[in-house]
Structures are given as structure tokens and as C-alpha cells.
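Working notes, structure below.
The values are calculated or read from the model by the stated rules, or taken from the named source; none is laboratory data. Computed from a predicted structure; not experimentally measured. Positions of Cβ are backbone-derived with ideal geometry, glycine not excepted, and every protein chain shown enters the neighbour counts. Heavy atoms of the whole protein, side chains included, go into the accessibility calculation; ligands, DNA and RNA do not. Shrake-Rupley method; radii C 1.70, N 1.55, O 1.52, S 1.80 Å.
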Amino acid sequence: MSFFLGIDTSNYTTSAAVFDGSGGENVGRLLDVPAGALGLRQSEALFQHVKHLPGLLHQLKERGLLRDIAAVAASTRPRAVEGSYMPCFLAGEGQGRALADAMDVPFVPVSHQQGHLAAAAWSAGRMDLLDRPFLAWHLSGGTTELLLVSPEEGNLRAEKLGGTSDLSAGQLIDRTGQRLGLAFPAGKALEALYPAEGARAVFPVKLTDFTFSLSGMENQVKGLLERGGTPAEAARFTLDTLIDIILRTTRAAMADHPGLPVLCSGGVASNAQLREVLSRDCGALFAQPRYATDNAMGAAILAFRCGRGAAA
């Protein structure tokens with residue numbers, strides 16, 4: 001049996017994965033972010049990736065999975081568009097290219113976003129989506145984009161239809177979390193504060209042609225807390241507002257592209273409240289929570305899809 005290796009060195013997670021054509025395994029490690037900080041400089045992220053990646057590859061070797069490698073893929077940039085670049089991806093790309101050359105197998109460059117989409121489709125049990133057009137959300141700390149996705153030579157072509165024009169969903173969550181003294185990234189902690197009961201609390205974000213702005217929500221959350229609002233109320237207000245605008249945007253896109261399924265990927269897509277609303281109201285499909293956050297499984301899947309032809 002052949003294995004396909006994937007590597008992803010995103011802004012906040014180092015990960016490596018193998019895929020055998022039907023299943024696989026991902027190992028990863030969050031980067032260390034100082035308490036109270038909202039992220040890392042690229043130089044520090046790159047340094048941590050260089051330190052962490054050999055240990056993760058060794059974990060795969062110890063499990064007997066780093067053998068019979070037929071192709072290697074690595075995320076080389078955030079998105080497959082002109083000018084998309086972040087230095088942190090150099091760690092994974094450099095080691096991926098070196099491994100591919102050493103093993104004399106194809107190297108498959110992919111984008112971080114393409115990996116998210118592939119991992120989401122596979123973990124949702126819908127690998128068939130990768131061979132047909134579909135709508136997708138990439139919801140993370142750095143990206144909030146609504147996409148029209150189609151297959152392209154074993155990989156994926158993602159055309160941006162809309163999304164946020166400023167703050168990403170993950171940035172809003174993390175900035176709310178910082179105000180509440182929560183650790184970064186704040187998604188899981190903010191979700192834990194979300195009250196089980198109570199009325200929805202939504203700020204009416206304006207939607208124009210699938211595009212919206214979240215920057216005004218920062219002041220709204222600040223004002224709520226200054227008026228004596230509780231952390232639970234701030235969590236509900238933030239998450240309900242995000243869910244509302246994502247739901248409205250999804251409905252508009254489905255009306256404009258009838259019949260296309262909707263797939264949700266990215267760390268914010270692991271939120272339980274969002275998953276419940278979009279799956280119920282739009283029939284949206286979601287990555288399993290562990291594959292919604294940054295991981296290398298999507299890169300390994302794309303190594304399988306693209307590397308088969310290159311190795312033939």
C-alpha cells in the first residue's frame with residue numbers, strides 16, 4: 001500500500017499527515033502564543049515550524065506510516081491567487097520538496113485553502129464533492145470567504161464570491177476573547193461561554209453582493225461590556241451575529257447558484273452553534289471538528305489526487 005504525505009505550516013499550527021486513498025492520520029501542534037497576545041510575528045511562526053516539523057514527521061515514522069511514500073504535498077501559500085504569500089509556509093514547502101527529492105517522488109504544491117476544502121470534504125464523508133462544483137465557506141482566523149469551487153486537474157479551483165471585507169470571523173472571535181481574558185485562539189472558550197438558553201442577540205450586519213463588514217462589531221462588543229454585559233452575553237452576541245450574517249450570505253448564494261451543495265471548512269466551522277444552524281437551514285456539510293481546524297490531511301489528500309497521475 002502506498003502512502004501520500006502532506007505538510008502544512010500555517011500561521012498557528014504545524015501539521016503532517018498521511019493518506020492512503022481512503023483514510024489517513026494527521027499529527028499537529030499549535031504554535032506557542034504568549035498570554036494576552038493576538039498572534040505571532042511571521043519570523044517567530046516560521047522559527048517554531050522549523051523546530052516542530054521534524055518531531056511530527058518522526059511521530060508518523062514511529063507509527064509505521066512514513067513508508068512507501070508515493071508523493072509529497074505541502075501548503076506553499078494561503079490561497080491559490082496572485083500575490084498570496086506568508087513566510088511561515090516556507091518551512092513546510094522546504095522540507096516537503098527536500099523529502100520528495102530524497103525519495104524521488106513527485107512534489108505537489110497546494111494552497112492552505114485548498115487543503116482545508118479537501119480535508120472538509122473527506123471528513124464529511126463526501127469526497128465526491130471534489131469532482132463537482134460546490135459552494136464553500138473558508139472560516140478561520142485569517143480568512144472568511146465564500147467560494148465557488150470546481151475540480152481542476154486533481155486539485156481545486158476556488159473562486160471568491162464574497163465574505164468579509166475587513167475582519168475575519170476568527171479575528172472577531174479572538175478579539176472578543178481577548179476582552180474577556182480568554183487564551184488565544186479563543187474559539188473553544190467563547191463557545192463554552194455561550195448560554196444554553198436565552199434570546200438571540202444579533203447586530204444587523206449589512207450584506208451587499210455576498211460581502212459584509214465585521215469591523216463595527218468590535219465597538220458593539222466593547223459597548224455591551226461597558227454597559228455591564230456578562231461574558232456569556234458577549235459570547236452570545238458575537239457568535240449569534242456571525243451565524244446570522246453567514247446564514248444570510250449562504251442563502252443568497254444558494255439562490256444564485258441553485259442545486260449546489262455547501263461545504264464549511266476552517267477553524268470557525270468547528271463551532272457547534274454555527275454547525276447546527278447551517279446544517280438545519282441550508283443542508284450545509286461540515287468538516288469533522290478536528291479536520292475543520294488547520295491540518296495537513298487536505299494536503300495529503302491532494303497529494304493522492306494529483307500525485308497518482310504524476311507518478312504513473
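Things worth noting here:
- Flag for LEU135 being touching a residue at least 24 places away in the same chain (Cβ under 8 Å), open to solvent by less than 30 Å² (accessible area, probe 1.4 Å), over 24 Å from PHE203 (Cα atoms) and not in a helix (DSSP H, G or I): yes
- When the stretch 1-49 is filtered for residues that are more than 19 Å from GLU93 (Cβ to Cβ), open to solvent by 20 Å² or more (accessible area, probe 1.4 Å) and assigned to a strand (DSSP E or B), the ones remaining, listed by number, are GLY24, GLU25, LEU30.
- Looking only at the stretch 173-183, and only at residues there that are over 16 Å from the mean Cα position of the chain (by Cα) and not β-branched (Val, Ile, Thr), the one that is most open to solvent (accessible area, probe 1.4 Å): ARG179
- Qualifying position, being of a type in the set (A, V, I, L, M) and either in contact with a Lys or Arg (Cβ under 6 Å, 6 or more places away or on another chain) or without any contact (Cβ under 8 Å) to a residue 40 or more places away in the chain (or both), among VAL277, VAL262, VAL268: VAL277
- Filter pass, GLY170 being buried (at least 18 other Cβ atoms within 10 Å of the Cβ), among the small types (Gly, Ala, Ser) and not in a loop (DSSP other than H, G, I, E, B): yes
- In the stretch 244-271, the qualifying residues are those that are farther than 24 Å from HIS112 by Cβ and assigned to a helix (DSSP H, G or I), and the one that is most open to solvent (accessible area, probe 1.4 Å) is ARG251.
- Residue check, ALA74 modelled with pLDDT of 95 or more, among the small types (Gly, Ala, Ser) and open to solvent by 40 Å² or more (accessible area, probe 1.4 Å): no
- Unique match (being assigned to a helix (DSSP H, G or I), more than 22 Å from the chain's Cα centre (by Cα) and at pLDDT 95 or above) among ALA232, ALA192: ALA232
- Close pairs from the stretch 289-307: first within 21 Å of ARG29 (Cα to Cα) and touching a residue at least 12 places away in the same chain (Cβ under 8 Å), partner charged (D, E, K, R) and open to solvent by less than 10 Å² (accessible area, probe 1.4 Å), Cβ under 6 Å, at least 6 apart: ALA296/ASP8; ALA299/ASP8
- Residue within the stretch 192-209 that is open to solvent by less than 40 Å² (accessible area, probe 1.4 Å), out of contact with any Pro (no Cβ under 7 Å at 6 or more places or on another chain), without any contact (Cβ under 8 Å) to a residue 40 or more places away in the chain and of a type outside the set (D, E, K, R) present: no
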